[in-house]
Amino acid sequence: GLRGMAVIGDDTDTTRMQFTTHGDIANRAILFGVYDVLERFLGVRWYYPGQDGRVVPETKQLIIPAVRYRDWPRSTKRTFHPWSVKPDVPGVTNQQEYWLHACRNREGASAVPRLTPCHSPIFQNHFKDHPECYELRADGHRDPTMPCYSEPETINLLVQDVVNFYEHGDKGAWRRPDGSYWYPPTDRVICISPPDKSVECHCPRCQALMNPGAPRLARASRVMTQFVIAFANRIHAIYPDKYVWYLPYSNYTIAPEDVELPDNVIVGLCMMRGAANMKEPVCAREHDQWIEQWRRASSNPLQLWDYGCWPANDTALPFQYPHVLQDFQLRHEGQLAGSFIGAGLAPPDLPGRQWASQAPTFYCWMRLLWNPHFNIDAAWDEYIKLMYGPAQKPMGQIFNLLVTRWENVRWTTPPNGHTVSPTLIHEQTMPAEEAAKLGRWITEARELAGKNNLYQRRVDFIGRSVDLFLTESKNYHAPANLPTLTLLKVGDDPQIDGKLDESAWSDTQAQSFVLARSGDQPAVGSRVRGVWTSRGVSFAFELNEPHMDRLHIEHTAHDAAVFNDDCVELFLDVAGDRLTYYQFAINAGGFIFDAFNQSGSDWNASGVLVATSRGENGWVLEMFIPFATFKDYKTPRVGDQWYGNFTRHRLTVDAEHERFQRWSTRGRASNLDMTAFGQ
């Protein structure tokens with residue numbers, strides 16, 4: 001009989017790929033065909049980078065019955081950020097293993113663009129000569145890091161920058177302050193994606209296009225779409241073969257009504273709710289609506305920027321959601337070009353990070369992008385059987401509980417954004433009695449796996465994530481080592497002038513901050529104190545700073561990203577239920593950002609007073625918050641208990657670990673960690 005095999009496909013560039021970068025992620029058909037043979041006929045599997053995540057069954061002979069078949073990716077973009085995370089997976093010593101793993105999981109893109117640029121161009125090269133082309137702050141100053149997208153000259157300059165790039169190789173508009181270049185145009189694509197903050201220009205043209213009454217994610221949508229339409233038309237007249245890549249994000253995520261984009265615009269929609277949160281119908285519906293709106297606006301297939309990193313930054317729980325992903329892919333089958341999946345967040349003390357906590361879900365995600373009809377349940381059962389051997393029974397119980405509790409338990413209060421409160425995690429998704437099951441099963445799995453072998457390493461890889469969650473659960477249900485700040489009731493509210501010389505402050509208790517990501521090191525002279533009256537609550541922050549000349553104040557508009565400046569943030573759970581919180585961020589210039597994390601809320605604080613003062617060696621923030629500004633809240637009584645946290649962002653130092661301070665911390669990267677909220 002015939003003895004041989006042919007793997008046929010377009011793979012012209014494979015021989016040049018070194019797998020030290022993305023390489024050419026389009027022409028990999030023969031390579032994928034070889035991987036398919038290894039998986040289909042030899043049972044090889046690649047679940048996460050490194051030897052331990054690889055399954056290679058032993059066989060003495062290979063017999064493949066006569067067969068002819070074709071396969072192809074249904075999504076033309078399948079790219080995944082975690083392939084490039086730091087090599088902290090046990091047994092992985094270099095980046096090459098990550099790129100190889102990406103190929104083995106069919107990462108590829110024949111869509112335009114192949115890679116997924118963002119926050120480009122930098123556009124800081126014209127500020128000196130054309131300050132009118134940059135965002136006007138509320139204080140009348142211009143922001144040299146943010147374009148004004150309604151100014152006609154902005155388009156003129158950027159179009160000329162593009163011409164200079166293609167004709168002369170000039171990359172000035174894409175040059176970062178450190179001298180590197182960020183996503184300059186390619187042979188086919190020019191990116192339009194504002195810097196990583198909201199669009200908040202106060203010039204008359206922008207203000208006429210802003211919609212302050214719209215949902216937060218739609219307030220600047222007309223500003224940006226008008227700019228993109230005008231820019232794309234100008235580009236088409238000069239370079240009819242080029243595309244404009246536009247990334248709706250932040251407060252311009254949702255498409256305006258009745259907008260129609262030119263044919264040379266490709267949209268990459270940022271799925272701001274987070275993929276895992278689509279288990280909640282309200283989150284899934286919002287994503288579906290955004291997709292439909294942008295599909296109507298564009299003649300080109302819609303691409304997605306998906307987020308696998310949320311809400312992994314809120315909890316150590318290794319939640320799994322493969323059926324949520326499949327339901328989404330099936331709902332939109334044939335409607336989308338595919339996804340770039342941004343991920344990589346997980347507890348910093350977890351070896352392997354999100355590989356350790358969510359590898360099987362990520363494996364399924366990539367397979368679903370290839371074929372949304374991929375058999376999730378069969379793959380899940382196979383994963384448990386192949387990976388855990390003698391420990392497969394308790395490991396199966398663990399993974400099935402993680403899937404079932406995440407996918408099937410509906411939250412009483414879905415998140416407003418992508419952040420998930422610890423109450424939802426620890427009282428609804430995985431309450432104490434369910435968490436105890438995880439503890440029993442991981443102990444049993446470790447006993448069955450044995451010592452010093454492959455199965456033990458695999459069990460421990462996910463097991464450490466379970467361990468961290470069990471500690472998190474214990475701390476939630478029996479809070480330990482969290483601070484308590486007593487707020488004294490006083491006769492009169494302090495005068496908010498940033499001076500702290502009123503008698504109301506004289507008898508208050510001041511408490512110091514610690515370094516946010518260690519928890520055991522005092523911060524440089526940061527202290528908080530508070531008082532209250534029947535009208536409201538006042539806080540005072542004394543912030544030592546030996547480098548006052550480096551104080552960073554960039555954002556000067558209400559609800560701008562002041563939390564990226566030298567600032568203080570307050571997180572106040574005034575209901576005391578560890579479910580919702582009010583957030584205030586105030587920079588050293590006294591400009592405020594405020595938010596409420598309850599689903600469906602578009603709250604803005606009213607009646608808040610803020611004052612800052614600066615000295616030679618530090619600055620002071622004084623703040624009054626009326627109780628009436630909180631939704632459905634009554635004046636508190638003596639003895640009432642709030643939860644909350646206070647943080648400081650300090651940009652005057654170079655060391656990363658010194659920049660983040662908190663009154664209360666459990667060491668997580670995010671300030672939104674409600675398990676760390678003190679009393």
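Quantify how much of the Cα-Cα distance distribution of the range 214-274 extends past 18 Å, in percent. Please list the in-between numbers first.
Numbers: 629 of 1830 pairs.
Tail of P(r) above 18 Å: 34 percent of Cα pairs.
Got a number for carbon plus sulfur as a percent of the chain's accessible area, 1.4 Å probe? Can you show the working numbers first?
Working: 14110 of 28820 Å².
Percent of accessible area from carbon and sulfur atoms in the chain: 49.
Based on Cα coordinates alone, diagonalise the gyration tensor for the range 498-562, multiply each eigenvalue by 5, take square roots, and list the semi-axes in whole Å, largest first.
Working: eigenvalues 110, 74, 36 Å².
The three semi-axes for the range 498-562 are 23, 19, 13 Å.
Which option, (1) 1.13; (2) 0.98; (3) 1.07, is the value of Rg/Rh (Cα atoms, Kirkwood Rh) that was calculated from these coordinates?
Looking at Rg/Rh (Cα atoms, Kirkwood Rh) for this model, the match is (2).
Tell me which of Phe469, Leu454, Pro184 sits at the most positive position along the dipole axis of the chain, charges placed on C-beta atoms (Lys, Arg +1; Asp, Glu -1).
Leu454
From the helices alone, meaning DSSP H stretches of at least four residues, give me the mean residue ellipticity at 222 nm for the chain, per-run term -39500 (n - 2.57), in deg cm²/dmol to the nearest 500.
The per-residue figure over the chain is -8500 deg cm²/dmol.
Rounding to the nearest 20 debye, state how big the charge dipole of the chain is about its Cα centre with +1 on each Lys and Arg Cβ and -1 on each Asp and Glu Cβ.
Its charge dipole is roughly 2140 debye.
Dividing the convex hull volume of the Cα atoms of the range 168-254 by its residue count, what figure in Å³ per residue is obtained? Mind showing how you got there, number by number?
Working: hull volume 10.2 nm³, N = 87.
Per-residue hull volume (Cα only) is 117 Å³.
How far is helix 221-238 tilted, in degrees, relative to the longest principal axis of the Cα atoms in the chain, given as a value from 0 to 90 rounded to the nearest 10?
Its long axis makes an angle of about 50 degrees.
To the nearest 0.05, how large is the calculated FRET efficiency for Thr93 and Ser506 if R₀ is 56 Å and r is the Cβ-Cβ distance?
E between Thr93 and Ser506, to the nearest 0.05, is 0.40.
How large is the convex hull of the Cα atoms of the range 315-471 per residue, expressed in Å³ as a whole number?
121 Å³
What does the range 508-615 give for Rg and for Dmax, in Å, if only its C-alpha atoms count?
14.8, 42
Read phi for every residue in the range 629-640 and hand back ³J(HN,Hα) as whole Hz from Karplus 6.51 cos²θ - 1.76 cosθ + 1.60, θ = phi - 60°, with x for Gly and Pro.
6, 7, 5, 6, 10, 9, 4, x, 10, 4, x, 5
Semi-axes of the range 202-335's equivalent ellipsoid from the Cα gyration tensor, sqrt of 5 times each eigenvalue, largest first, rounded to whole Å?
29, 19, 13
I'd like the orientation of helix 322-331 relative to the chain: the angle between its Cα long axis and the longest Cα principal axis, in ° from 0 to 90, rounded to 10.
Taking Cα atoms only, the helix is inclined about 80 degrees.
To the nearest 10 degrees, how steep is helix 432-449 against the longest Cα principal axis of the chain, on a 0 to 90 scale?
The helix 432-449 is inclined about 40 degrees to the chain.
Per-residue accessible area for Lys631 at 1.4 Å probe radius, Å² rounded to 10?
Roll a 1.4 Å probe over it and Lys631 shows about 90 Å².
Looking only at Cα atoms, what is the convex hull volume of the range 428-554 per residue, in Å³?
Measuring per residue, one finds 230 Å³ for the Cα hull of the range 428-554.
The values are calculated or read from the model by the stated rules, or taken from the named source; none is laboratory data. Because the structure is a prediction, the values reported are computed rather than measured. Reconstructed Cβ throughout: ideal geometry from the backbone, glycine too, with neighbour counts over all protein chains shown. Note: accessible area is taken over every heavy atom of the protein model, side chains too, but ligands, DNA and RNA are not part of it. Shrake-Rupley method; radii C 1.70, N 1.55, O 1.52, S 1.80 Å.
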